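So the structure is just underneath, and the comments pick up after that.
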Amino acid sequence: MPRVIVSAAEEILEKEYKCLNHGFVRLIDYMGSDESIVQAARVSYGKGTKTIREDRTLIRYLMRHHHTTPFEMVELKFHVKLPIFVARQWIRHRTANVNEYSGRYSIMPEEFYLPEKKDIKPQSTTNRQGRSEEEIPLEIRQKVLNLLMEEQKSSFNGYNEMLESNVSRELARINLPLSLYTQWYWKIDLHNLFHFLRLRIDDHAQYEIRVYAKAMGEMVNRVAPLAWEAFEDYIFNSITLSKTELTALKEFFPEEIPNQKLEQLDLSSYEIAELAEKLKKIRKL
Ligand SMILES: Cc1cc2nc3c(=O)[nH]c(=O)nc-3n(C[C@H](O)[C@H](O)[C@H](O)COP(=O)(O)OP(=O)(O)OC[C@H]3O[C@@H](n4cnc5c(N)ncnc54)[C@H](O)[C@@H]3O)c2cc1C
């Protein structure tokens, strides 16, 4: 099969999707698309399936049943400019290939993240790791910005002074704050990218990394739209219920849903059968 070219992805190659005040994410290259997922899956399922399932059905089946390796056949390479505190969260995802701008080799540009006033929020009382949706007085928001700017300026002045005194770049940089921007190339396969996006588009992730993850989600939708749709349906917008939760909810589930009713749902015949199985399993708890 010749190299897969996806016109929707070609249109955005190298284009900057602006993120935060100085950041961006760019899709530099991609390998494969929905077609490659299907092609790889058919190696394991054999030719017979080709006539039974259309590409969309097959991709949705794979996603639903966590048959993940065909998704690894698609790769995406990004160029990202991001504040160091976002990079620290991002780099915890170990299944990508990374090459970062070197502050030992090059002078760091004077570019810092400053939140927009609307994003300055108080500490959440329900989530120790997050901010609440409450408003914070305007004068406090202004104070936050002033404090951040003063500290950024002062640390960068110190950095410049050290460089002017011919101190090595690798030492001069060590007091620069986490709000400074860095850049990297980041390459990952689609299976692991979905894992990253599931965690980082989610509301529990910090707003600043969510901005990037959402932009990358749009890019994935161009490279492999059927896989993206399946990811949204079966992973991102799905929920897991524990055994204890299901046991508590059991009373609300009907004994049996007649086939006629199930067939009226907007589900494929496979999904209807799977749903019936799930309901049966819940009743048995
Ligand atoms: C909302 C949120 C809050 C967080 N808070 C904290 C925090 O307070 N402190 C903190 O330290 N971290 C925190 N993290 C980071 C989190 O614990 C993970 O390190 C991060 O999300 C990467 O997840 P991962 O290991 O599944 O991903 P990846 O590194 O991308 O790995 C993908 C998958 O590959 C497998 N894998 C990869 N490498 C290994 C390995 N060496 N051994 C076994 N399996 C492997 C695992 O199945 C893993 O799920 C937080 C993350 C989120 C999303």
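Throughout, read-outs are computed from the coordinates displayed, never taken from laboratory work. Please read all numbers here as calculations on a predicted model, not as lab measurements. Counting neighbours? That spans all protein chains shown, and the Cβs are built from the backbone with ideal geometry, glycine included.
What to note about this one:
- Neighbourhood net charge (13 Å Cβ-Cβ; Lys/Arg +1, Asp/Glu -1) for Lys214: -1
- Per residue, the convex hull spanned by the Cα atoms of the range 52-129 amounts to 212 cubic angstrom.
- Within the shell of other residues whose beta carbon sits under 11 angstrom from the beta carbon of Pro115, the net charge comes to +2, with Lys and Arg scored +1 and Asp and Glu -1.
- Expressed as a whole percent, the proportion of Cα-Cα pairs in the chain lying more than 22 Å apart is 68%.
- Around the Cα centre of the chain, unit charges on the Cβ atoms of Lys, Arg, Asp and Glu (plus for the first two, minus for the last two) sum to a dipole of about 740 debye.
- Summary of packing: across the peptides 154-162, 274-282, the per-residue average of other C-beta atoms within 10 Å ranks them, highest first, as 154-162, 274-282.
- Dipole check for the range 114-178: with +1 at the C-beta of Lys and Arg, -1 at the C-beta of Asp and Glu, and the Cα centre as origin, the magnitude is about 140 Debye.
- Percentage, to the nearest whole number, of Cα pairs in the range 114-178 over 15 Å apart: 63 percent
- Relative contact order, percent, the range 181-234 [alpha-carbon distance under 8 Å, six or more residues apart]: 21 percent
- Pairs from the table (Lys77/Lys117; Lys121/Lys250; Lys15/Lys143; Lys117/Lys214; Lys214/Lys261; Lys77/Lys243) lying more than 28 angstrom apart at Cα are Lys77/Lys117; Lys121/Lys250; Lys15/Lys143; Lys214/Lys261; Lys77/Lys243.
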